[in-house]
1. Which ³J(HN,Hα) values, rounded to whole Hz and listed in residue order, are derived for the stretch 33-45 from phi using the Karplus coefficients 6.51, -1.76 and 1.60 in 6.51 cos²θ - 1.76 cosθ + 1.60 with θ = phi - 60°, glycine and proline given as x?
2. Taking the chain as a Gaussian network, Cα atoms linked when under 10 Å apart, which of D166, D102, D182 shows the biggest mean-square fluctuation?
3. What are the residues whose amide H is under 5 Å from the amide H of I105, where those residues sit 5 or more places off or on another chain and H is modelled from the backbone?
4. Identify which of I50, I110, I79 has the largest mean-square fluctuation in a Gaussian network model of the chain, with springs joining Cα atoms closer than 10 Å.
5. Just how far, in whole angstrom, is the stretch 49-107 from the stretch 128-164 if you go by their alpha carbon centroids?
6. Residue by residue through the stretch 103-119, what is 3J(HN,Hα) from phi via Karplus (6.51 cos²θ - 1.76 cosθ + 1.60, θ = phi - 60°)? Round to whole Hz and write x for glycine and proline.
7. Counting helices only, and only those DSSP H runs with n ≥ 4, report the 222 nm mean residue ellipticity of the chain as the sum of -39,500 (n - 2.57) divided by its residues, in deg cm²/dmol to the nearest 500.
8. Compute the acute angle (0 to 90°) between the alpha-carbon long axis of helix 153-162 and the principal axis of greatest extent of the alpha-carbon atoms of the chain; round to the nearest 10°.
Amino acid sequence: MFVYKKGSQISSKSRVFPFSRFTNSKINDFSYLGLFAFVNNTSIGKYCSISMNFKAGLGAHPKTLPSTSPIFYTHKYAIKKSFGFKKLKKVSEYQKIIIGHDVWIGADVIIMDGVKVGNGAIIAAKAVVTKDVPNYAIVGGVPADTIKYRFSKDIISKLEKLKWWDWSEEKIIKNKGFFRNDITLESINQIKD
């Protein structure tokens, strides 16, 4: 079972499933990355659930040059031919992708370079994410667009202040009821230190 993980950090409390390529990236505690993923230049927060065939950090070709072919702007050629041109510094092929905490990403999702996915977001299967996703938004489609938010503004605000993903394992266990029941303002107010 092969996982290619060049230049990456994989938490001992997380899992990258087999047949995945995970380069120049980081996955934090209690997150998993499903089968057949291709992840490059991406930071994945805590408690994320990412399904199979996920792709992030594929790179972008310039849209303002006469040609989009990499043979004119980089040394990383897809073909074995070169004109001997130097790397063009104004072209930024790869931009960092940030996936927040407690994000659920469905199967076959693609996230384009430079995108930030907010905490608690849900991305529907087969979506192509081309712009930032707000905290606790549910997005889907090609290109992905906001369908709705998981919770009210009041609950989202309180969750962001709680930052429960940074709690100790002991505090999480002590607040088992909070994690196993539908969320309300009252349930947030009953959290135990």
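The values are calculated or read from the model by the stated rules, or taken from the named source; none is laboratory data. As the structure is a prediction and not an experimental result, all values here were calculated from the model. When we count neighbours, we look across all protein chains shown, and the Cβ atoms used for this are built from the backbone with ideal geometry, even at glycine. Surface accessibility is based on the protein's heavy atoms, side chains included, excluding ligands, DNA and RNA. Shrake-Rupley method; radii C 1.70, N 1.55, O 1.52, S 1.80 Å.
1. 10, x, 4, 6, 7, 10, 10, 9, 6, 10, 10, 10, x
2. Between D166, D102, D182, it is D182 that shows the largest mean-square fluctuation.
3. It is S49, I50, S51, I123, by chain and number.
4. I79
5. 26 Å
6. Values per residue, Gly and Pro as x: 9, 10, 10, x, 5, 6, 7, 10, 10, 6, 4, x, 7, 10, 9, x, 4 Hz.
7. Computed mean residue ellipticity for the chain: -3000 deg cm²/dmol.
8. Between the helix axis and the principal axis of the chain, the angle is about 90 degrees.
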